[in-house]
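Accompanying notes for the structure given below.
Every number in this text was worked out from the coordinates using simple rules, so none of it is lab data. Bear in mind the structure is a predicted one, so any value in this text is a computation, not a measurement. Here the Cβ positions follow ideal geometry from the backbone for every residue, glycine too, while neighbour counts run over all protein chains shown.
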Amino acid sequence: MTDAALPAIPLAPAQHDLESPARRALRRLFKRKGAVLGLIVIATFILLALFAPLVTPYDPIATSWTLVRKPPSALHWFGTDDLGRDILTRVVYGARASLLAGAISVGIALSVGVPLGLVSGYQGGLADALISRITDAMLACPFLILAIALAAFLGPSLGNAMIAIGISATPVFIRLTRGQVMSVKVEDYVEAARAIGNPRWRIALFHILPNIMPALLVQATLSTAAAIIAEAALSFLGLGQQPPAPSWGSMLNAAQRFLTNAPWMAIWPGLAIFLVVLSLNLVGDGLRDALDPRAR
């Protein structure tokens with residue numbers, strides 16, 4: 001029997017071809033050491049924030065005039081501040097304000113920016129022109145400057161700071177969503193969904209939105225890092241979390257007067273901001289690579 005007469009034997013599909021897109025993305029993400037390290041750091045800060053009363057025995061707002069600006073020791077690992085409060089305790093409790101501000105601010109930006117971007121990119125016409133011009137006007141003002149102006153207008157509090165940061169981050173999501181929608185809505189599967197009679201709202205929600213979620217997820221991760229920095233800046237200026245409640249930004253504000261005599265007051269909250277923001281950026285970079293459909 002010749003080779004031409006031999007029946008063709010179908011090849012078994014490779015294991016990675018049988019994976020769902022979510023499992024494939026997770027597998028790619030966990031292959032990136034920087035992203036894994038970032039996830040570990042972020043998870044550690046989240047656990048510390050959730051179980052803060054179990055982590056440290058001190059009260060974050062209790063003062064002691066006998067412990068003013070004490071250096072790190074066995075009893076106070078990070079030292080004490082200008083009012084005798086344990087800095088480790090305040091850093092741990094301050095993680096609640098920073099992480100909450102990052103999550104809620106980005107949630108506000110997503111809930112407002114994504115629908116407006118969908119309407120602008122898919123509807124077009126007058127709606128697109130109006131939304132785009134408002135977005136351009138907001139993007140003309142730097143993010144942090146706009147957040148400070150809105151926070152000053154709304155009043156100093158953590159809730160108002162989160163609203164101000166969320167509104168300031170919204171134009172980025174509008175512009176990103178609009179661009180992604182305009183790119184996706186001309187794909188063959190969208191044209192097929194339109195040809196079989198799907199209404200416009202169904203095409204936008206069930207065919208376009210799921211396919212632009214990877215880009216939005218990456219941007220949300222990076223925007224969370226920017227929101228944490230913005231919250232620290234607003235608290236530093238007195239427009240965010242109000243004393244005596246702990247916040248990394250307000251701790252840095254108190255530490256600026258004692259940088260020479262008590263540098264540990266600024267080192268630890270500054271290091272916390274640095275670690276969380278760096279970790280979020282590492283995770284964002286890892287997600288961008290893991291969710292890239294061209295990656296192998």
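Computed quantities for the displayed model
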{"read-out": "Assigned charges on the beta-carbon of Lys, Arg, Asp, Glu; the stretch 89-243 dipole about Cα centre (debye)", "value": "180 debye"}
{"read-out": "Volume per residue that the Cα convex hull of the stretch 147-296 spans, once the total is divided by residue count, Å³", "value": "128 Å³"}
{"read-out": "As computed over the stretch 33-77, the Cα convex hull volume per residue (Å³)", "value": "113 Å³"}
{"read-out": "C-alpha long axis of helix 209-236 to longest principal axis of the chain, angle in °", "value": "10 degrees"}
{"read-out": "³J(HN,Hα) computed for each position of the stretch 91-99 - Karplus, 6.51 cos²θ - 1.76 cosθ + 1.60, integer Hz, glycine/proline x", "value": "5, 5, 5, x, 4, 4, 5, 5, 5"}
{"read-out": "Integer Hz, Karplus 6.51/-1.76/1.60 couplings in order for the stretch 133-143, x for Gly and Pro", "value": "5, 5, 4, 4, 5, 6, 6, 5, 9, x, 3"}
{"read-out": "Size of charge dipole - the stretch 173-291 - debye, nearest 20, with Cβ of Lys, Arg +1 and Asp, Glu -1, no other charges", "value": "320 debye"}
{"read-out": "Loop-located chymotrypsin sites (Phe, Trp or Tyr not before Pro) in the stretch 41-113 whose Cβ has at most 15 other Cβ within 10 Å (DSSP)", "value": "F51, W77"}
{"read-out": "Calculated over the stretch 63-178: convex hull of Cα atoms, volume per residue (Å³)", "value": "115 Å³"}
{"read-out": "Kirkwood hydrodynamic radius (C-alpha pairs) into Stokes-Einstein, the stretch 222-270, 4 °C and 1.567 mPa s, D in µm²/s", "value": "119 µm²/s"}
{"read-out": "Along each principal axis, Cα extent of the chain, largest first, Å", "value": "94, 60, 28"}
{"read-out": "GNM flexibility winner over the chain from V277, V114, V190 (Cα, springs under 10 Å)", "value": "V190"}
{"read-out": "Computed E for L154/T63 - FRET, C-beta separation, R0 25 angstrom, nearest 0.05", "value": "0.25"}
{"read-out": "Debye intensity ratio I(q)/I(0), log10, the stretch 86-138, q values 0.13, 0.19, 0.22 Å⁻¹ (C-alpha model)", "value": "-0.50, -0.69, -0.80"}
{"read-out": "Proportion of all alpha-carbon pairs of the stretch 177-216 beyond 15 Å (%)", "value": "32 percent"}
{"read-out": "Zero-based 10 Å bins, Cα pair distances in the stretch 59-112, whole percents", "value": "25, 37, 18, 15, 5"}
